[in-house]
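Worksheet: the structure to be examined is printed underneath.
The values are calculated or read from the model by the stated rules, or taken from the named source; none is laboratory data. Please read all numbers here as calculations on a predicted model, not as lab measurements. Positions of Cβ are backbone-derived with ideal geometry, glycine not excepted, and every protein chain shown enters the neighbour counts. The area values use the complete protein model at the heavy-atom level, side chains included, leaving out ligands, DNA and RNA. Shrake-Rupley method; radii C 1.70, N 1.55, O 1.52, S 1.80 Å.
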Amino acid sequence: MKNQGFVLWLTGLSGSGKTTLAKGIEHELKERGCTVELFDGDVIRTNLSKGLGFSREDRDTNIRRVGFVANLLSRNGTIVIAAIVSPYRATRDELRRTSNFVEVYVNAPLEVCEARDVKGLYAMARAGEIIAFTGIDDPYEEPLNPDIVCYTAEETVEESVAKVISQLEHREYIGEKPQLEYVI
């Protein structure tokens with residue numbers, strides 16, 4: 001089975017585990033010979049969306065840009081993994097209407113995300129040093145009907161990766177992992 005292109009969109013709060021999960025999924029898909037591109041929110045912000053702020057309009061523009069590029073790549077057989085906060089439901093729903101789109105809600109409680117925050121962004125937001133920070137003074141609108149939910153405060157990275165891979169196989173976006181036989 002030739003693998004088809006699709007967009008795997010990981011959404012969740014900062015610190016929920018989106019990037020860690022995305023890298024695990026990317027590794028597994030590459031092990032299967034898939035063509036994969038990983039879009040991480042921090043990298044996107046410094047390249048594709050440089051100059052955008054954090055107003056609702058700028059955040060929506062950022063998500064639409066990422067969605068546009070992801071859709072182009074997926075139409076050409078690439079699996080795109082986008083690990084981006086993408087806080088607003090309506091904008092994510094716009095992306096869902098494009099093509100092969102799989103929404104993964106990387107669900108972790110706010111207190112867990114704050115405890116994992118290596119950059120200290122939540123502390124700065126709580127101190128008023130960062131304004132309009134998602135989850136503190138700007139909303140994160142949870143997906144109503146995500147295709148997959150990973151509970152990263154309860155599941156290991158390996159369990160969450162396996163859950164996503166299993167769903168992608170079930171939906172026939174990817175084939176089952178080939179079993180190698182060794183003959184001596």
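Close contacts from segment 18-41, counting a first residue that is aromatic (Phe, Trp, Tyr) and a second that is not in a helix (DSSP H, G or I), with Cβ to Cβ under 9 Å and a gap of 6+ residues or different chains, come to 39/48; 39/80; 39/81; 39/82; 39/83; 39/84.
When the residues of segment 149-180 are filtered to those that are in a loop (DSSP other than H, G, I, E, B) and at pLDDT 95 or above, the one that is nearest to residue 115 (Cα to Cα) is 153. The residues of segment 86-107 that are part of a loop (DSSP other than H, G, I, E, B) and surrounded by fewer than 22 Cβ atoms within 10 Å (Cβ to Cβ), listed by number, are 88, 97, 98, 99, 100. Name the residue that is surrounded by the most Cβ atoms within 10 Å (Cβ to Cβ), counting only residues in segment 110-125 that are in a helix (DSSP H, G or I) and among the small types (Gly, Ala, Ser). Here the residue is 125.
Do we find that residue 165 is of a type in the set (Val, Ile, Thr), farther than 26 Å from residue 94 by Cβ, touching a helix residue (DSSP H, G or I) at 6+ places or on another chain (Cβ under 6 Å) and touching a residue at least 60 places away in the same chain (Cβ under 8 Å) in this structure? For residue 165, the condition - of a type in the set (Val, Ile, Thr), farther than 26 Å from residue 94 by Cβ, touching a helix residue (DSSP H, G or I) at 6+ places or on another chain (Cβ under 6 Å) and touching a residue at least 60 places away in the same chain (Cβ under 8 Å) - is met. Filtered by the rule that a residue be open to solvent by 40 Å² or more (accessible area, probe 1.4 Å), touching a Lys or Arg at 6+ places or on another chain (Cβ under 9 Å) and at pLDDT 90 or above, segment 33-84 gives a lone residue, 38.
Looking across segment 162-178, the residues that are open to solvent by less than 90 Å² (accessible area, probe 1.4 Å) and farther than 13 Å from residue 31 by Cα come down to 162, 163, 164, 166, 167, 168, 169, 173.
Within this structure, residue 21 passes the test of being crowded, with 20+ Cβ neighbours inside 10 Å and in a helix (DSSP H, G or I).
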